[in-house]
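Working notes, beginning with the structure itself.
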Amino acid sequence: MPRRLLIVHHTASPTLHELFESVRAGATTDEIEDVDVVTRAALRATAVDVLEADGVVLGTPANIGYMSGALKHFFDTIYYPCLEETRRLPYGLYVHGNNDVAGAVRGVESITTGLGWEQACRPVTVIGAPGKDDLAACWELGATLAATISPG
């Protein structure tokens, strides 16, 4: 039975869309088998989506030194329904900002620590326009999460 990778994203700009597409391309590479990739906008993702997932990738802009309100809303919605059921869920994170992303990363890490989720790889942080290395890092993030949960 295929495993499910959930990508929860707040893609509010062309830059974030570029990062999101790179993550999705890595997660759906032909080299990794038996992983279904499901994408949900942060304002539409539900606790059921998380409960059905074997791994999660989170994507957000850094807004005023923190994760987007949409991603925070996602966490507020799923926190208690998923608290006990999703411990040790592998996750990854990508964050884009214009000058600083540390607060956004810290906020996500604080919440995922409370949920008991396990970081599968270091967060991908991009400041300014993404370069070739940034897009490759996002591709790797998607591929790493998919490979982490792949049964094969």
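The values are calculated or read from the model by the stated rules, or taken from the named source; none is laboratory data. Note that the coordinates shown come from a computational prediction; the quantities given were computed from them, not determined experimentally. Here the Cβ positions follow ideal geometry from the backbone for every residue, glycine too, while neighbour counts run over all protein chains shown.
Is at least one residue of region 15-30 among the aromatic types (Phe, Trp, Tyr), touching a Phe, Trp or Tyr at 6+ places or on another chain (Cβ under 7 Å) and touching a residue at least 12 places away in the same chain (Cβ under 8 Å)? No, there is no match, as no residue in region 15-30 is among the aromatic types (Phe, Trp, Tyr), touching a Phe, Trp or Tyr at 6+ places or on another chain (Cβ under 7 Å) and touching a residue at least 12 places away in the same chain (Cβ under 8 Å).
So that you can scan it fast, the table gives a plain yes or no per residue for (1) surrounded by fewer than 19 Cβ atoms within 10 Å (Cβ to Cβ); (2) under 12 Å from the mean Cα position of the chain (by Cα):
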site	(1), (2)
70	no, no
77	yes, no
106	yes, no
120	no, yes
129	yes, no
135	no, no
142	no, yes
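Anything in region 1-15 that is of a type outside the set (Gly, Ala, Ser) and more than 12 Å from the chain's Cα centre (by Cα)? List them, or say none.
If we filter region 1-15 for residues that are of a type outside the set (Gly, Ala, Ser), which is where we start, we get 1-11, 14-15.
Of everything in region 1-15, those that are of a type outside the set (Gly, Ala, Ser) and more than 12 Å from the chain's Cα centre (by Cα) turn out to be 1, 2, 3, 4, 14, 15.
Screening residue 12 on (1) surrounded by 15 or more Cβ atoms within 10 Å (Cβ to Cβ); (2) at pLDDT 95 or above; (3) among the aliphatic types (A, V, I, L, M) shows it passes everything except condition (2). Helices (runs of 4 or more DSSP H) fully within region 35-152 that include at least 2 residues being of a type outside the set (Gly, Ala, Ser) and free of Cβ contacts under 8 Å to residues at least 24 places away in the same chain: 69-82, 102-115, 132-149. Among the residues of region 3-45, those identified as of a type in the set (S, T, N, Q) and in contact with a His (Cβ under 9 Å, 6 or more places away or on another chain) are 11, 13, 15, 39.
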